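Data first, discussion second: the structure below is written as C-alpha cells.
None of the figures in this text is laboratory data; all of them are computed from the coordinates on show. Everything quoted here is computed from the prediction, not taken from an experiment. Note: ideal-geometry Cβ built from the backbone for every residue, glycine included; neighbour counts use all protein chains shown.
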Amino acid sequence: MASNSKFRPIETCPNGHFYNANSYGDTCPVCNAKLNEDSRKTRDELVEELTLKHEDWVCGWLICTDGVNKGRSYEVRGGMNPIGSDITMRIRILGDPGVGSRITRYF
C-alpha cells in the first residue's frame, strides 16, 4: 500500500533496498527489482520497523585492555548483558582462558 502522508513514499524492494518511489516508481534503482504491490509500506510502518527497542540501544562499551583480545570492544546494551564465550552470550569473548563458555559475569 502506498503512503498517503505528505512525506515522500519510501519503498523497500524485495532485496531490502530503500528508495524514493516518487523518483523511481516501482523499480529499485539499486538492483532493478520490480516492487511487489504487497511490499509497499506506509511511513508509520517503516518508522516502527526501523525504530530500535530499548533493549537494543547501545549504552556503553566494554574494552579489553590486556590479553589476546586487547583493543577489542564489545557493545553493552540495555538490560542484562551476559558475558562468556558461548554463542548464546550477548557479549561473547573468545580466546581468553579466563572467560568460561557460560555466564562469567553480568554487566
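Under a point-charge model restricted to the Cβ atoms of Lys and Arg (+1) and Asp and Glu (-1), what is the dipole moment magnitude of the chain relative to its Cα centre, in debye to the nearest 20?
I would put it at about 300 debye.
Counting Lys and Arg as +1 and Asp and Glu as -1 over every other residue whose Cβ lies under 9 Å from the Cβ of V58, the net charge comes to -1.
In percent, how large is the relative contact order of the stretch 10-50, given Cα pairs closer than 8 Å and 6 or more residues apart?
Answer for the stretch 10-50 is 40 percent.
Which of L52, I91, V30 sits closest to the plus end of the dipole of the chain, meaning its Cα is farthest towards the positive end, when Lys and Arg get +1 and Asp and Glu get -1 on the C-beta? Positive-most Cα among the choices belongs to I91.
The simple Förster model, with R0 at 41 Å and r as the Cβ-Cβ distance, assigns N22 and C59 a FRET efficiency of 0.65. Partnerless cysteines in the chain, where a partner means another cysteine C-beta under 4.7 angstrom, comprise C31, C59, C64. Applying the Karplus relation 6.51 cos²θ - 1.76 cosθ + 1.60 with θ = phi - 60° to the stretch 41-48 yields 3J(HN,Hα) values of 10, 7, 4, 4, 5, 5, 4, 4 Hz, where x marks Gly and Pro. If you sort the three axes of the alpha carbon gyration tensor as a ≥ b ≥ c, you get a/c of 1.5 or more for the stretch 66-107 and a/b no higher than b/c, which makes it oblate. Summary value for the chain: 17 percent relative contact order, contacts being C-alpha pairs under 8 angstrom separated by 6+ residues.
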